[in-house]
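In what follows, a structure is listed as structure tokens, so that the remarks can point back to it.
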Amino acid sequence: MIQVVEQVIESDWRGVFDKEVHEVTSPIGDRVAMVRKREHGRSGILPCVLCIHGFAQNRYSWHTSRRSFTSYLAAHGYDVFNVDLRGQGRSRVVGRIPYGFDDFIAHDIPACVSHIRELNGGRKVFLAGHSMGGAISCGVAGEIPEQIAGVILIAPLYRFPRGAPMIRMLTGLVRMFDNVAPVEAPNAPLPLDILGWWLARRMDIMDHRRNRFQMMPWQMGSTDRSLLAERVSKGFERQSAHVLFAIARFAGKETVYSESRAIDYLERFAHLNLPLFVMSGDKDFLAPTSNCRPAHDESLSQDKMFIEYGAGNAGAHFGHLDLIVGDMAPKTVWVDILAWMDQRREHGG
């Protein structure tokens with residue numbers, strides 16, 4: 001059912017949108033949910049983009065009540081789909097928790113792309129992935145390249161955890177546990193939503209300029225605190241234990257591979273000739289530039305671009321979340337993504 005909603009895009013800029021929830025069934029029978037949004041009054045076939053969030057996150061990675069990247073794209077004429085990955089957000093209600101990356105790459109997201117194309121006359125789809133969603137986007141693009149208009153990687157987990165010593169240490173500990181455990185760990189949902197709840201209630205400490213803890217997912221002072229509190233309280237989710245173990249195993253090889261290890265998803269992606277836009281933040285301690293930039297440098301695409309956002313070119317420092325919800329993101333990152341997509345809309349068929 002279509003709802004007509006008025007939403008804030010940024011500051012005093014508001015828009016009216018048609019919003020509906022779609023449940024998609026994969027070929028193996030699992031279901032995921034995504035929110036579709038387009039500007040109210042626009043009809044016909046529009047260029048399409050599918051937004052894919054990261055680890056232990058959900059659709060609120062892209063949308064808050066006071067700043068919304070999905071509404072921004074919809075206001076500029078895009079048909080925007082915001083998926084909750086299996087086990088997250090709305091998809092937690094309609095489907096089971098994931099067992100690994102193959103669930104996302106081989107089944108769920110290709111089914112979402114197919115559904116989007118059916119709604120839009122077979123038009124190809126842009127993929128926009130943040131963090132783990134970037135790694136998933138790479139895998140999906142290699143799975144169904146003929147259906148993809150272009151790939152936007154926002155602080156992707158690519159050569160992860162290169163440049164992030166704390167993350168390297170933590171993933172090493174997870175691998176050690178995985179290796180010595182006498183039986184396979186149960187695929188329980190890890191209650192990481194509690195972390196978001198806690199961060200939101202300690203924002204005066206967590207966002208203090210003297211906080212030097214190098215695993216914070218944002219740069220201190222980069223985002224209005226009340227907006228940031230909403231983002232982390234709504235956007236942090238429970239996450240499958242098996243997905244955590246998979247990421248830890250990937251970190252040991254600095255790549256992403258299939259469950260059978262027969263497919264190196266990143267190597268396959270590097271050989272594609274699809275439009276590619278990769279970006280990183282200059283103060284991202286979770287997915288620093290040394291992890292992100294290889295997605296651009298290793299790609300054989302003839303149409304590729306890389307930007308590191310920071311004080312020199314964007315007027316502020318950018319952490320992991322700031323590239324989407326930071327105070328300077330609407331004036332810099334959003335504008336660049338929109339311009340890049342607009343130039344390639346015809347590639348979408």
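The values are calculated or read from the model by the stated rules, or taken from the named source; none is laboratory data. What you see is a predicted model; the values in this text were computed from it and never measured. Virtual Cβ from ideal backbone geometry, glycine too; neighbours counted across all protein chains shown.
The table for this structure:
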item: Residues of the stretch 1-40 classified as touching a helix residue (DSSP H, G or I) at 6+ places or on another chain (Cβ under 8 Å), at pLDDT below 95 and among the hydrophobic types (A, V, I, L, M, F, W, C), total; result: 1
item: Residue count, the stretch 119-147 (criterion: assigned to a helix (DSSP H, G or I) and of a type in the set (Gly, Ala, Ser)); result: 7
item: Any hit, the stretch 198-205, residues being assigned to a loop (DSSP other than H, G, I, E, B) and over 19 Å from the mean Cα position of the chain (by Cα); result: yes
item: Yes/no for Arg201 being surrounded by fewer than 19 Cβ atoms within 10 Å (Cβ to Cβ) and within 26 Å of Gly89 (Cβ to Cβ); result: yes
item: Meets criteria (in contact (Cβ under 8 Å) with a residue 12 or more places away in the chain, among the hydroxyl-bearing types (Ser, Thr, Tyr) and not in a loop (DSSP other than H, G, I, E, B)) for Ser290; result: yes
item: Residue pairs meeting the criteria (Cβ under 6 Å; at least 6 apart or on separate chains; first on the phi < 0 side of the Ramachandran plot, in the stretch 234-247; second among the hydroxyl-bearing types (Ser, Thr, Tyr) and in a helix (DSSP H, G or I)); result: Lys234/Tyr60; Gly235/Tyr60; Gly235/Ser61
item: Top-ranked residue in the stretch 67-89 [being part of a strand (DSSP E or B) and within 16 Å of the chain's Cα centre (by Cα); ranked as nearest to Glu6 (Cα to Cα)]; result: Ser68
item: Looking only at the stretch 235-250, and only at residues there that are touching a strand residue (DSSP E or B) at 6+ places or on another chain (Cβ under 8 Å) and part of a helix (DSSP H, G or I), the one that is surrounded by the most Cβ atoms within 10 Å (Cβ to Cβ); result: Phe250
item: Of all residues in the stretch 89-144 being touching a Pro at 6+ places or on another chain (Cβ under 8 Å) and β-branched (Val, Ile, Thr), the one that is nearest to Gly281 (Cα to Cα); result: Val140
item: Only one of Met279, Met305 that is closer than 28 Å to Pro98 by Cα, of a type outside the set (Gly, Ala, Ser), part of a strand (DSSP E or B) and out of contact with any helix residue (DSSP H, G or I) (no Cβ under 6 Å at 6 or more places or on another chain); result: Met279
item: Unique match (being surrounded by fewer than 18 Cβ atoms within 10 Å (Cβ to Cβ), without any contact (Cβ under 8 Å) to a residue 24 or more places away in the chain and not in a helix (DSSP H, G or I)) among Met176, Met220; result: Met220
item: Any chance Cys51 is in contact with a helix residue (DSSP H, G or I) (Cβ under 7 Å, 6 or more places away or on another chain), within 30 Å of Arg162 (Cα to Cα) and assigned to a helix (DSSP H, G or I); result: no
item: Selected residue (criterion: surrounded by the fewest Cβ atoms within 10 Å (Cβ to Cβ)) from residues of the stretch 1-57 that are among the polar types (S, T, N, Q) and closer than 29 Å to Thr332 by Cα; result: Ser43
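Residue-wise test of (1) of a type outside the set (A, V, I, L, M, F, W, C); (2) over 30 Å from Asn179 (Cβ atoms); (3) surrounded by 19 or more Cβ atoms within 10 Å (Cβ to Cβ).
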site: Ser233; (1), (2), (3): yes, yes, no
site: Ser258; (1), (2), (3): yes, no, no
site: Asp284; (1), (2), (3): yes, no, yes
site: Ser290; (1), (2), (3): yes, no, no
